[in-house]
Amino acid sequence: MPPPTGPVDDFDASASTAADPVLPAGYSMRSLDWADLPTVHALEQRLFPFDAWPLSFFEQELAQAGPESDGGTRAYRVVVGPGAGPETATDTVARMEAGTEADSNTTAGEAAGVVLGYCGLMCVPPLADVQTIAVAPEAEGRGLGTAMLLWMVAEARRRRATDLLLEVRADNPRAQQLYARHGFEHIHTRAGYYPGDAQQGTGRVDALIMRRHVVG
């Protein structure tokens, strides 16, 4: 499966030791639910036009989620905005597909617990892997990506992993710098892993494998 390519929010390195990162007021993080999949998939296609996961990938991942005691090897979370207004997940998908924006008088997520970010972790001790992490562009700069990344670090530790791995596109230096600020180091390059932009005639892009020790 294609791991995260990098459209994540700014991270606060000073919070890197937090056990359970705190979100900004009015935002919350919860487990990804089956009912969230249409919205998450629509956001995935919007953020990752060249290598978006198909809906079936999310379904396969969520089917493997749960506590270790039940055999679960995955853990997924979504970040939602404040309030409980009229917009449903179906409404959000329809609005995205139509290319329309939310009401200009509201901020991102203000309409109704709108999904603004999502992340997923695979853990088979002693290793854990960031499967995906993404934040909607209109919600960047609010620390949502920070909270999700730090939650995955904490969750990997809780599941007894010693190292957390991720892959990022070589043509995304901003994401690389942010991961590095959070203690991830480049340990390997996977040549030509990501697709390029066929319309622009760009070739395939290398993936940088990065690692962070989560214990010791």
Scan the stretch 167-207 residue by residue and report those that are assigned to a strand (DSSP E or B) and touching an Asp or Glu at 6+ places or on another chain (Cβ under 7 Å). Thr189, Arg190, Ala191, Gly192, Tyr193, Tyr194, Val205, Ala207
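What about Val93, is it modelled with pLDDT of 95 or more, more than 20 Å from Ala156 (Cα to Cα) and within 19 Å of the chain's Cα centre (by Cα)?
Details: modelled with pLDDT of 95 or more: no; more than 20 Å from Ala156 (Cα to Cα): yes; within 19 Å of the chain's Cα centre (by Cα): yes.
So Val93 does not fit the description; no.
Condition test on Glu155, is it among the charged types (D, E, K, R) and assigned to a strand (DSSP E or B)? Write out each step before concluding.
Details: among the charged types (D, E, K, R): yes; assigned to a strand (DSSP E or B): no.
Answer is no for this residue.
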For Asp171, work out the one condition from (1) modelled with pLDDT under 90; (2) under 23 Å from Leu23 (Cα atoms) it doesn't fulfil. (2)
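Just the residues that are farther than 30 Å from Gly141 by Cβ and outside any helix (DSSP H, G or I), please, taken from the stretch 58-79. Walk me through it before giving the result.
Here is the first cut: in the stretch 58-79, the residues farther than 30 Å from Gly141 by Cβ are 59-60, 63-64, 66-73.
Scanning the stretch 58-79 gives Gln64, Gly66, Pro67, Gly71, Gly72, Thr73.
Have a look at His213, His182 and point out the one that is under 22 Å from Met122 (Cα atoms) and more than 19 Å from the chain's Cα centre (by Cα). Reasoning before the result, please.
Values: His182 fails: more than 19 Å from the chain's Cα centre (by Cα).
Answer to the check: His213.
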Mind listing whichever residues of the stretch 24-46 are touching a Pro at 6+ places or on another chain (Cβ under 9 Å) and basic (Lys, Arg)? Arg46
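The values are calculated or read from the model by the stated rules, or taken from the named source; none is laboratory data. Just so it is clear, the structure is predicted and the values come from calculations on it, not from any experiment. Heads up, the Cβs are rebuilt from the backbone with ideal geometry, glycines too, and the neighbour counts pull from every protein chain shown.
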